[in-house]
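The values are calculated or read from the model by the stated rules, or taken from the named source; none is laboratory data. Here the structure is a predicted model, which means the values were calculated and not measured. Cβ: placed from backbone, ideal geometry, glycine included. Neighbour counts: every protein chain shown. For accessibility, only protein heavy atoms count, side chains too; no ligands or nucleic acids. Shrake-Rupley method; radii C 1.70, N 1.55, O 1.52, S 1.80 Å.
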Amino acid sequence: MNNDSLKFRVFKAIMKLLRYIIGYLLGLLLFVGLMPALMWLASGRPAFWTEVAVKDVVAWSVMLCGLLLSIWTIVYMKLRGKGNPMDAFGHELAPRTQHLMTDGPYRLNRNPMLTGTLIYLIGFALWLCTWQALIVWILFFAIMFIQVLSEERRLHRDFGNEYDAYCHHTRRFLNFRMNLRQEPQNG
């Protein structure tokens with residue numbers, strides 16, 4: 001192997017790592033920072049630290065559950081899917097997963113990371129307890145629903161019949177008929 005080839009492989013590896021880091025940082029910034037900030041601003045910037053009420057404990061618990069689901073999904077996607085979740089309206093911001101994920105958090109629903117984010121944000125809206133925060137959440141959900149539809153078209157192109165079969169037995173967001181039995185993953 002010549003020196004130029006080695007330099008090119010190192011450069012490609014560094015660029016791939018940077019794409020992963022940028023994808024994760026963008027997701028963190030957008031979903032955990034910017035959306036709650038918009039809710040807070042739209043709500044008239046209420047005081048953060050007030051006397052703790054039962055509502056606050058419930059809201060923080062909901063937010064924690066949402067974050068844990070999203071983190072579980074991101075880690076699972078990285079380890080099993082060999083890719084990154086950040087794909088925006090058909091534009092690859094970081095390397096896409098190489099395998100269709102149908103087990104782990106993906107047996108709960110087809111979009112567990114987004115579901116976790118939506119749960120986190122509804123917890124934040126509950127904590128703020130304003131109609132303005134709810135409106136921001138609804139607008140965010142509408143935009144993300146359009147993103148999900150775009151991503152589903154891409155997944156159908158990438159994985160074909162395997163994705164169609166997965167869609168047939170797994171709901172998009174909430175799966176109340178959840179089958180907790182672990183099914184083997186294809187691929």
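Share of carbon and sulfur in the accessible area of the chain stands at 69%, probe radius 1.4 Å.
When peptides 129-141, 40-52 are ranked by their average number of other Cβ atoms within 10 Å per residue, the highest-first order is 129-141, 40-52.
Annotated for the chain: lysine pairs at least 8 residues apart or interchain, Cα distance under 24 Å, count 6. Quick one: dipole size for region 1-81, taken about the Cα centre, charges +1 on Lys/Arg Cβ and -1 on Asp/Glu Cβ, in debye to the nearest 20. In total the dipole reaches around 540 debye.
Only the Cβ atoms of Lys and Arg (+1) and of Asp and Glu (-1) were treated as charged; on that basis the dipole of the chain about its Cα centre amounts to roughly 400 debye. Report which label in [x] 9, 31, 31, 19, 8, 2, 0; [y] 9, 35, 32, 18, 5, 1; [z] 9, 28, 27, 17, 10, 5, 3, 1, 0 holds the value of P(r) over Cα pairs in 10 Å bins from 0, in percent derived from the coordinates of this structure. Computed from these coordinates, P(r) over Cα pairs in 10 Å bins from 0, in percent corresponds to label [x]. In the context of the full set of protein chains, residues of the chain present 62 Å² of accessible surface per residue (probe radius 1.4 Å, heavy atoms only). Run the simple label-point estimate for V52 and E152 please: 7 Å along Cα→C-beta, distance reported in nm. My value for the distance between the label points is 4.1 nm. With respect to the chain, whose longest principal axis is taken over its alpha-carbon atoms, helix 131-159 is tilted by about 20°. For L100, the amide hydrogen comes within under 5 Å of no other amide hydrogen, counting only partners 5 or more places away or on other chains and with H modelled in the peptide plane. Adding -39500 (n - 2.57) for every DSSP H run of four residues or longer, then dividing by how many residues the chain holds, sets the calculated 222 nm ellipticity at -21000 deg cm²/dmol. Using θ = phi - 60° in the Karplus curve 6.51 cos²θ - 1.76 cosθ + 1.60, the 3J(HN,Hα) couplings for region 60-76 round to 5, 5, 4, 4, 4, 4, x, 5, 5, 5, 5, 5, 4, 5, 4, 5, 4 Hz; x is entered for Gly and Pro. For the chain, averaging the sequence separation of C-alpha pairs within contact (under 8 Å, six or more residues apart) and dividing by the residue count gives a relative contact order of 27 percent.
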